[in-house]
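Notes follow the structure.
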Amino acid sequence: ATPTAIMVGIGKGAENNILIKDAESLELGYKVNAVILDKTGTITEGKPLVTDILWKDELENQNEYKEILLAIEAHSEHPLAEAVVHHLKDENIEKAEIASFESITGMGVKAQTEKGSQYYVGNHKLMLEKNIQIDASLMQTAESLEEQAKTVIFLGNEKQVLAILAIADKIKETSKKAIVTLQERGIEVYMLTGDNYKTASAVANQVGISNYKGEVMPSDKAAFVEKLQADGKIVAMVGDGINDSQALAQANVSIAMGKGSDIAMDVAKMTLITSDLQSIPKALELSKRTVLGIR
Ligand code: ADP
Ligand code: MG
């Protein structure tokens, strides 16, 4: 495309809430035949709310654990942590004192109280990894909550799971429509998420995606982009988080959510200002018009 066509294209993008940083993505967009979507914050609102807290049978001092949980999650910047903090503050829970805090990539967080006890908050994988036992009945409840597309996070000490929390994140109203539009144009749509398999599958089913993966580490997201590219695909990666930045950097066309993290927007060559996925087919169409010189 001519420099003038590119300028016009970037201007048209801006009118449609699509911020385009470079000419290359505008020239490549129409060739995209595989789109990878992150789940949390991309397909979903990314504004999770705690719907249930369930305790291990006969556990006393629940409030004390809530205070510890609040202190731990207040240290984390994960959207799930924000939901927990919001919920516990609404219950007027006070914060305990934390001596150390560490995040564990793709799994959750670890903290130590001033008294020296260790706590873990995160997904089931984290509990398995740290050999933290969970009651069978509590695990059953966790699984049924996940089948309802809720994300379950676990609070454990070094020995056992003390509580599970169910968190629901609404699917954006326009996500399904945008996905169907892409599929109708013959573009393969994939979903990758760090979230567990059950939640991943429940969300994927609701938006009509049959190609999805759960419990994906950030580096695996990038490897998956590479794999599709090795199969000859021109890949667009769409994400909102730090955990998507490697995959965004690897993709042929990279698209960030305007409501997402600054890092994703820095890495990505395009940003959807309103975070509406319907801007993806629009952006690809705009690329086509730009390259073909249609005004
Ligand atoms: P994603 O944003 O796609 O879910 P992440 O790698 O950020 O991927 O997180 C993976 C998983 O680790 C989350 O889905 C959640 O289960 C768990 N996790 C991460 N941070 C926290 C936290 N602060 N509190 C509870 N769980 C967490
Ligand atoms: Mg995300």
TODO: Multiply the residue separation of Glu60 and Thr2 by 0.36 nm, subtract the distance between their alpha-carbon atoms, and state the gained length in nm to one decimal.
DONE: 13.9 nm
- [ ] Let me have the relative contact order for the chain, percent, based on Cα pairs under 8 Å that are six or more residues apart.
- [x] 26
Open item on the list: Need the C-alpha centroid separation for segment 145-214 versus segment 10-65, integer Å.
Closed with: 11
Open item on the list: Net charge around Asn131, counting only other residues with Cβ within less than 14 Å of its Cβ (Lys, Arg = +1; Asp, Glu = -1)?
Closed with: +2
Task: P(r), alpha carbons of segment 49-168 - 10 Å bins starting at zero, rounded % - done: 14, 51, 33, 2
Task: Residue with peak Gaussian network fluctuation, the chain [Cα springs, cutoff 10 Å], from Asn123, Asn205, Asn196 - done: Asn205
Task: Förster radius 30 Å - calculated FRET efficiency between Glu24 and Glu184 (Cβ-Cβ, nearest 0.05) - done: 0.70
TODO: Grab the Cα-Cα distance for Asn211 and Ile294, subtract it from 0.36 nm times how many residues apart they are, and report the gain in nm with one decimal.
DONE: 26.5 nm
TODO: Assuming 0.692 mPa s and 37 °C, estimate D for segment 111-229 with Stokes-Einstein, Rh taken as the Kirkwood radius over Cα pairs, in µm²/s.
DONE: 204
Open item on the list: In whole Å, what are the extents of the chain along the principal axes defined by its C-alpha atoms, from largest to smallest?
Closed with: 69, 32, 32
TODO: Show me 94-100, 36-42 ranked by packing, highest mean number of other Cβ atoms within 10 Å first.
DONE: 36-42, 94-100
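No lab work stands behind these numbers, since they all come straight from the coordinates. On a predicted model such as this, the values are computed, not experimentally measured, just so you know. As a convention, Cβ positions derive from the backbone with ideal geometry for all residues, glycine included, and neighbour counts pool all protein chains shown.
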